[in-house]
Amino acid sequence: QVQLVESGGGLVQPGGSLRLTCAASGSSFSIYAMGWYRQAPGNARELVAQITSDGSTNYADSVKGRFTMSRDNAKKTVYLQMVSLKPEDTAVYYCRGTYYTMTYWGKGTLVTVSS
């Protein structure tokens, strides 16, 4: 069993930066593929970024060059560094961990980009 807790969301002006953190509990964190997803009001949840157990990353086209995902297995934590934020980045951001058929979600953290 893995529990995921996101933090770091908040209100930021366009062009600003935020770093989201997802802290995991439980064992064997390093074997999990991790992902950041987001869901804006009225929209479906979408993949933002993902990182494999060996550290390979993949990003949605809408955030390439602006967002960077990383992981620290010793701390059982993944991060999402977001720069040059846009109003369209406003959403609840969720952390997800997967290993074969096992999938775990956090409860999300709200990011609001507005002046």
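Look at (1) touching a residue at least 24 places away in the same chain (Cβ under 8 Å); (2) part of a strand (DSSP E or B); (3) not hydrophobic (A, V, I, L, M, F, W, C) and you find that N43 fails only one, number (2).
Looking for something more than 15 Å from the chain's Cα centre (by Cα), open to solvent by 30 Å² or more (accessible area, probe 1.4 Å), aromatic (F, W, Y) and under 23 Å from Q1 (Cβ atoms) - is there at least one such residue anywhere in the range 91-99? Checked against the condition, which is being more than 15 Å from the chain's Cα centre (by Cα), open to solvent by 30 Å² or more (accessible area, probe 1.4 Å), aromatic (F, W, Y) and under 23 Å from Q1 (Cβ atoms), the range 91-99 yields at least one hit. Hey, can you tell me all the residues within the range 8-35 that are part of a strand (DSSP E or B) and either within 19 Å of Q50 (Cβ to Cβ) or hydrophobic (A, V, I, L, M, F, W, C) (or both)? Hits for the range 8-35 are L11, V12, L18, R19, L20, T21, C22, A23, A24, A33, M34, G35. Of all residues in the range 59-81, one or more are touching a strand residue (DSSP E or B) at 6+ places or on another chain (Cβ under 7 Å) and at positive phi. Can we say D89 is in contact with a strand residue (DSSP E or B) (Cβ under 6 Å, 6 or more places away or on another chain), among the acidic types (D, E) and modelled with pLDDT of 95 or more? So D89 passes the test. Restricting W36, W105 to residues that are open to solvent by 60 Å² or more (accessible area, probe 1.4 Å), within 12 Å of L4 (Cα to Cα) and of a type in the set (A, V, I, L, M, F, W, C) narrows the list to W105.
Of the residues making up the range 48-86, those that are open to solvent by 60 Å² or more (accessible area, probe 1.4 Å) and outside any loop (DSSP other than H, G, I, E, B) are Q50, T57, N58, T68, Q81.
The values are calculated or read from the model by the stated rules, or taken from the named source; none is laboratory data. Everything numeric here is computed off the predicted structure, so don't read it as measured data. Cβ sites come from the backbone with ideal geometry, for glycine too, and all protein chains shown count toward neighbours. These accessible areas exclude ligands, DNA and RNA; they are computed on the full protein's heavy atoms, side chains included. Shrake-Rupley method; radii C 1.70, N 1.55, O 1.52, S 1.80 Å.
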